[in-house]
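Have a look at the structure below, then the notes.
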Amino acid sequence: MPTFQFEAMDATGQEIRDVIDAENQEEAQATIRKMGYFVTKIAVKKSRKTQAAAAESASADGKKKRGLVLGGVGSKQLTAFTRQLSILQDAGLPILRSLKILEGQSVAGRLKYSLLDVCDEIESGSTLSESMSKSPKAFDRLYVNMIRAGEAGGALEVILRRLAEFQERAEGLKRKVKGALIYPVVVVTVAISILTFIMWKIVPAFQKIFEDFDAALPAPTQLLITISDFVVNYGYLIPVIPIGIWLSVKLLRKFEQGRMGWDMFLIKIPVFGALIEKNILARTTRTLGTLIASGVPILEALNITKETSGNAVFERLLSKVIDSIREGESIAKPMKEYSTLGFHPVAGALWVVFMGGPIGVLLYMRKMREPVVDDLVVNMIDVGEETGELDTMLYKVADTYDDEVAVLTESLVSLMEPILIVGLGLAIGFIVISLFLPLIELIKSLS
């Protein structure tokens, strides 16, 4: 009579693992149901030698089948995985069974291979958080610490639901910003393509006509021909310039002071700086609120938030807050005290380069005194600490700034549309006028 190994749940949702002897699988399932259990997995128990050989073969096959994967897991893919895992946990399935179901549904890639590793670690006796911490390219420190907090508090399904909601909000905001930027990016790309074609093909043809007639050219036409000559002779530099700027910024951010100066410059540039700053504030406060609500200790939560902020200015601010808390201070007081940036030589140089010399200096001297954290945030955090509802207040701050980012993005897009149309019209108008002024003079002389 074969022996069946099964996994089941009792009436309270407790996971049961045991073996039973039966003639066949149907009889085994019927016997288990009579015992008051709900079967989730059942299979014929193999001998130890057979199991070891099968496990070794499966492990070898799994490693052979894995292809080369670069990078980590995309935020959209991880968000969908977290929501599905949350649903499976709410349904009462064992965590290992849930992970194997999701692994089977995943396409070959970083997430699938990471889930295979996580399942192997859990089967060898590790906890879920310990298993996920060994796959940092799929599950970052924020993710792992929230899972650990859920395991410690016995509320993993609640934490997964909260984590899924957090990721969905962040992904939704990112999707809104990207969607709003599609139109201006397309318009700018088409405009640059049209102007480049005119400079490359149309203007040189007119230049040849002007040379044949040996006509005196007005200043706008001479300027247009100079620009056209540059495009024809050095057109390859047009894509090189933005790539060069991007590489320079990447190199600058490799150094601590360079990264700090660039980030200080970035969050204070006109128009777009406010959007970047509010977006970081929304993400930072929501991260901190989610961690505190999940039961992560305040210092650990602040450290994780600092690492995931993505901006050196906020990293320094949160470091000061952590130091103050260790000395017995609250969060609100050091946050208000250290939110003013002050002077930084790299940021000052960037303002001079990108904002037009003396004007850039004047703008920088005014902007550097503006705090990166508004009084609204400080006051709400202060109230949250006083009432013991810090996580709720942080959520409210994050919701406020999410709404502001959405409104500001829509306003900028609405403003950019007429600006782009007017700018393109002025450029085309300048080209037309510059080309027709000499033609008018030639027609007058001929008549």
Name the residue, out of Tyr37, Tyr401, Tyr234, whose mean-square fluctuation peaks in a Gaussian network model built on the chain with Cα pairs under 10 Å. Tyr234
Select from Gly348, Gly74, Gly244 the residue whose mean-square fluctuation is largest in a Gaussian network model of the chain (Cα-Cα springs shorter than 10 Å). Gly244
Under-5 Å amide H pairs with Phe4, H placed in peptide plane, nonlocal only: Ile20, Asp21, Ala22, Lys45
In the neighborhood of Ser86, defined by Cβ-to-Cβ distances under 13 Å, what is the net charge if each Lys or Arg adds +1 and each Asp or Glu adds -1? -1
Would you mind putting 247-254, 80-87 in packing order, based on average other-beta-carbon counts within 10 Å, highest first? 80-87, 247-254
Centroid-to-centroid separation of the range 19-39 and the range 130-207 [C-alpha atoms, Å]: 49 Å
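Which three semi-axes in whole Å describe the equivalent ellipsoid of the range 113-170, each the square root of 5 times a Cα gyration tensor eigenvalue, listed largest first? Before the final figure, lay out each step's value.
Details: eigenvalues 74, 40, 15 Å².
Working through the eigenvalues yields semi-axes of 19, 14, 9 Å.
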Report the Rg/Rh value for the chain, based on alpha-carbon coordinates and the Kirkwood definition of Rh. 1.14
Helix 75-90 versus the longest principal axis of the chain: what angle, 0 to 90°, nearest 10, using Cα atoms? 30 degrees
Under the rule rounded for a/c under 1.5, else prolate if a/b exceeds b/c, else oblate, using alpha carbon gyration tensor axes a ≥ b ≥ c, the range 75-166 is classed as rounded
Counting pairs of alpha carbon atoms under 8 Å apart in space and at least six apart in sequence, what relative contact order in percent does the chain give? 13 percent
Compute the angle between helix 256-266 and the longest alpha-carbon principal axis of the chain, please, reported from 0 to 90 degrees and rounded to the nearest 10. 70 degrees
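How high is the relative contact order of the range 90-165, given as a whole-number percent (alpha carbon pairs under 8 Å, six or more residues apart)? Mind dumping the intermediate values first?
On the way: 56 pairs, mean separation 15.2, N = 76.
Value for the range 90-165: 20 percent.
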Grab the DSSP H runs of the chain that are 4 residues or longer, score each as -39,500 (n - 2.57), total them, divide by all residues and round the 222 nm result to the nearest 500 deg cm²/dmol. -24500 deg cm²/dmol
Taking every other residue with Cβ under 13 Å from the Cβ of Ser124 and scoring Lys and Arg +1, Asp and Glu -1, one gets -4
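Quick one: of Lys76/Lys367; Lys176/Lys278; Lys100/Lys134, which pairs are farther than 25 Å apart, Cα to Cα?
Working: Lys76/Lys367 35 Å; Lys176/Lys278 14 Å; Lys100/Lys134 17 Å.
Pairs exceeding 25 Å: Lys76/Lys367.
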Quick query: amide H of Ile16 versus all other amide H atoms, modeled in the peptide plane; which residues come in under 5 Å with a sequence gap of 5 or more or a different chain? Ala8, Met9, Asp10
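Can you classify the range 311-397 as rounded, prolate or oblate using the Cα gyration tensor, where a ≥ b ≥ c are the square roots of its eigenvalues, rounded means a/c under 1.5, and otherwise it's prolate if a/b beats b/c and oblate if not? Write out the running numbers ahead of the final one.
On the way: a/c = 3.35, a/b = 2.32, b/c = 1.44.
Here the range 311-397 falls in the prolate category.
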Please determine, in degrees from 0 to 90 and to the nearest 10, the orientation of helix 219-234 with respect to the longest principal axis defined by the Cα atoms of the chain, where the helix direction is its Cα long axis. 40 degrees
Farthest towards the positive end of the dipole of the range 168-427, among Tyr401, Gln222, Ala282 and with Cβ unit charges of +1 on Lys and Arg and -1 on Asp and Glu, lies the Cα of Gln222
Value of Rg to Rh for the range 168-427 (Rh from inverse mean 1/r over Cα pairs, i.e. Kirkwood): 1.11
With a ≥ b ≥ c the root eigenvalues of the C-alpha gyration tensor of the range 142-270, is it rounded (a/c under 1.5), prolate (a/b larger than b/c) or oblate? prolate
Applying the Karplus parametrisation 6.51 cos²θ - 1.76 cosθ + 1.60 with θ = phi - 60° to the phi angles of the range 181-197, what ³J(HN,Hα) value in whole Hz is obtained for each residue in order, glycine and proline being reported as x? 8, 4, 4, x, 5, 5, 4, 5, 4, 5, 4, 5, 5, 5, 5, 5, 4
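Coordinate-derived values only; no laboratory data. In this text, all values refer to a predicted model and were calculated from it rather than measured experimentally. Every residue, glycine as well, gets a Cβ built from its backbone with ideal geometry; the counts of neighbours run over all protein chains shown.
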